[in-house]
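Notes for the one structure printed next.
The values are calculated or read from the model by the stated rules, or taken from the named source; none is laboratory data. Fair warning: this is a prediction, and the values are worked out from it, not measured in the lab. Cβ placement follows ideal geometry from the backbone for every residue including glycine, while neighbour counts extend to all protein chains displayed.
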Amino acid sequence: MAKLSSRLASGTALVLLLSTGVLVGAASAQTAATEDDSIDLGTIILSAEEQIKQALGVSNITAEDLEKTPVANDISEIVRKMPGVNLTGNSASGARGNNRQIDIRGMGPENTLILIDGKPVTSRNSVKMGRQAERDTRGDSNWVPAEMIERIEIIRGPAAARYGSGAAGGVVNIITRKPEEFTATAGLHYTIPANKLEGGTKRANFMLAGPIGQDLSFRFYGNINKSEADDIALNADAAVLAGTTTQAGREGVTNKDVGALLRWEPNGSHQVDLDFSFSRQGNEYSGDSNSGSLQPDVNGVNIIGQETNKMLRRTLAVTHRGDFDFGESFSYLQWENTRNTRNGVSTGGSPDNISTTEQSTIVYDSITAKSEWILPISIFSREGKLTLGGEYRGEILDDENATGASNINSGQPLHDEQHQIGLYAEANILWGESLTLTPGLRYDYGDTYGSNWSPSLNATYAFNDEWSMKLGIARAFKAPNLFQLNPNYVYSTMGMGCPAGVTTPCEILGNPDLEPESSVNKEIGFAYAGDNGLSGSLTWFRNDYKNRIAPGLTSAGVRPAGGSYLRWENTPDAIVEGVEGNFSTPIGEAFLFNVNVTKMITSVGKLRLANGSMIENPLSLVPDHTINASLDWAVRDDLTFTLSATHYGKIEAATYAVHTGIANTDLETRSAYTLVNLGMKWDVSEKAGISAGVTNIFNEQIFRTGDGANTFNEPGRAFYIGLNATF
């Protein structure tokens, strides 16, 4: 541990002392009006980050949006309604299909980087990867209660490349509420399904925040959120019609969260935050196995409704924001600790088996440090801002029961580490009156994979005050994870993972020679913003994906006990291409209409079979197209009704079963469907508000069958009510 502590200390010191910030800006001419006259503020140069957040490929969800359309359990429920975003499992097979996570531009959940207040959230990395690169995890989007969120920023496309490993699809940054004036709030939320076989949700939380002296302020919150599991009978009729075995419904989950923040502001130029959070997330078992089929009993004992896995997540962070004569800075140091405990994860590494007594725990620690400095620059008399920055990420994983049947490190604890350092520079330059250029370059070094360069160039051209165009190209990457890298980690397929031409039984080994995944992300978009409130945009995007990491389909050796080894491998090329657009306009003085569209043109990944031939599979199970529309009616200043609808196009089934090596000619496509919702937000007083409504009014239920793309449940009609009060 002395060696590890030394490496962490040196890496953190390198970032905090030698690095300089990242984000640079564009410019716009603005004026401020007073009662008497106008004051010309001149040209205002934005940082690159500020420019990105105002450009195409970025969506913002405000606290007001979360009040108008409350989420039952997880913010992914509302993030999925943004352009280019959907929910999907980790694999094209649909294994663990009900553990749906945020998928941006079809690149899969593992390429969506989740941040809380700009800091990475990586707890899902403590969960083992299955045969088809899926994890039995709910993702990392449910660690902050919705009522504690100020806004959510979703960044898609080339702009996301500046965030380093894991952002090839995009970034979801959850910004929490901060202490300003003394505030005490409390919130309640209930969701009641019309179908008694579906699980409902109850949530309660509070927050206290405010000053505690001249320079100090604080925030403290607590939350409990319980979603019940679906009944095991929910999907039975659909399974009979499809001729498949009954699949499990959605499992339940209970979140218990507390968080505390202490802020010190010695003057108007410096701000220091000390932030601590603790969350306990436990499941309510619904009978789900890795294949999706029901497993309600173990050795004659019914375990439905029991807690079979829990995750304890702790974070401690210190953050500094500075405003100097020569520029601005943002720096932090964060420790994230996750204890992932599971019932009956087999000694062979398979996350498929559940028992009533045995437990194993994976301890995962993540240390991140970052420092950014934003500096004014002038290039050929062109004004701009330069962002220089450095980042350190350290991951340490201890698995007390890592391997077994392979006779490799059999039944012994596994310890692994990965350390990465990133340095980056980005400039935002106003080139003339209409063109803004944002070039960037990021260099990452990992002690497990070596060096990686990520250049980028984004440009915005304003044709006039209303029309603009954006072009972007960037190279993004994702480092292999600790399970994929460690040659002593073995995943046992338990009879469900040997492709054609490979001797059974087979197991999957980690591969220390893996290269990082990479993609070249490109986009071209046009935007319109009129003085009358009408606005719209249309963007084409394409990601050329190389070295995607997936379990191999060819034998890499012979097991001592007989059978074959497979390895994690870098696969051949893949392509994701599509179009996304949005349109918004007021209708009279009381109505506001919004609609966004995502069309996936191409989503294919290539796999090499044991006989040397190549086949193609979809990268993730996302709809062919998605349309989200909403109509807000402001009846009064204190009362708003929202009618919304989402149409999901068909979802193509996988063309190839990775775990059997057989073409899926008999698997079915998921047909298109539409969900319609009606909500109401009423500000009863300045201190209290009520949200209420009906989701999925026409009860368009999706039942999970595991037959092709039918691998998830879409809940039917439900009623909700929420109360928020300020004291």
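Quickly run through the range 577-614 and pick out the residues that are charged (D, E, K, R) and more than 30 Å from Trp633 (Cα to Cα). Glu577, Lys606, Arg608, listed by residue number.
Taking the range 369-387, which residues are modelled with pLDDT of 90 or more and either among the hydrophobic types (A, V, I, L, M, F, W, C) or buried (at least 23 other Cβ atoms within 10 Å of the Cβ) (or both)? Before the answer, list the steps.
As a first pass, look at the range 369-387 and keep what is modelled with pLDDT of 90 or more: 369-377, 384-387.
The answer is Ala369, Lys370, Ser371, Glu372, Trp373, Ile374, Leu375, Ile377, Gly384, Lys385, Leu386, Thr387.
Considered as a group, the residues in the range 215-254 that are under 11 Å from Asp288 (Cα atoms) and among the polar types (S, T, N, Q) include one that is farthest from the chain's Cα centre (by Cα), and that residue is Thr246. If you check Pro586 against the conditions, is it surrounded by fewer than 17 Cβ atoms within 10 Å (Cβ to Cβ), touching a residue at least 24 places away in the same chain (Cβ under 8 Å), more than 25 Å from Ile627 (Cα to Cα) and over 23 Å from the mean Cα position of the chain (by Cα)? Taking the combined requirement at face value, the residue does not satisfy it.
Here Asp447 meets each of (1) out of contact with any His (no Cβ under 7 Å at 6 or more places or on another chain); (2) modelled with pLDDT of 95 or more with one exception, condition (1). Which one is modelled with the lowest pLDDT, of the residues in the range 651-672 that are crowded, with 18+ Cβ neighbours inside 10 Å, assigned to a strand (DSSP E or B) and not β-branched (Val, Ile, Thr)? Among those that are crowded, with 18+ Cβ neighbours inside 10 Å, assigned to a strand (DSSP E or B) and not β-branched (Val, Ile, Thr), it is Tyr656.
It is to be established whether one or more residues within the range 121-130 are of a type outside the set (Phe, Trp, Tyr), within 17 Å of Ser76 (Cα to Cα) and outside any loop (DSSP other than H, G, I, E, B).
First pass over the range 121-130, keeping only residues of a type outside the set (Phe, Trp, Tyr): 121-130.
With within 17 Å of Ser76 (Cα to Cα) added as a condition, the list becomes 121-124.
Next cut, outside any loop (DSSP other than H, G, I, E, B) only: 123-124.
The answer is yes; a qualifying residue exists.
Counting only strands (runs of 3 or more DSSP E) that sit wholly inside the range 179-251, those with at least 2 residues that are at negative phi, without any contact (Cβ under 8 Å) to a residue 60 or more places away in the chain and touching a Phe, Trp or Tyr at 6+ places or on another chain (Cβ under 7 Å) are 201-211, 216-227.
Conditions tested, residue by residue: (1) touching a His at 6+ places or on another chain (Cβ under 6 Å); (2) of a type in the set (Ser, Thr, Tyr); (3) buried (at least 22 other Cβ atoms within 10 Å of the Cβ); (4) not in a strand (DSSP E or B).
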| residue | (1), (2), (3), (4) |
| --- | --- |
| Val258 | no, no, no, no |
| Arg263 | no, no, no, no |
| Pro266 | no, no, no, no |
| Gln271 | no, no, no, no |
| Leu274 | no, no, no, no |
| Phe278 | no, no, no, no |
| Ser286 | no, yes, yes, yes |
| Asn290 | no, no, yes, yes |
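The residue that is farthest from Thr341 (Cα to Cα), among those in the range 104-139 that are modelled with pLDDT under 95 and of a type in the set (Asp, Glu), is Glu110.
So that you can scan it fast, the table gives a plain yes or no per residue for (1) touching a residue at least 60 places away in the same chain (Cβ under 8 Å); (2) surrounded by 23 or more Cβ atoms within 10 Å (Cβ to Cβ); (3) in contact with a Phe, Trp or Tyr (Cβ under 9 Å, 6 or more places away or on another chain):
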| residue | (1), (2), (3) |
| --- | --- |
| Tyr491 | yes, yes, yes |
| Lys546 | no, no, no |
| Asn570 | no, no, no |
| Asp573 | no, no, yes |
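Candidates in the range 513-525 are the residues that are of a type outside the set (D, E, K, R) and either crowded, with 17+ Cβ neighbours inside 10 Å or within 23 Å of the chain's Cα centre (by Cα) (or both); of these, the one that is farthest from Asp573 (Cα to Cα) is Gly525.
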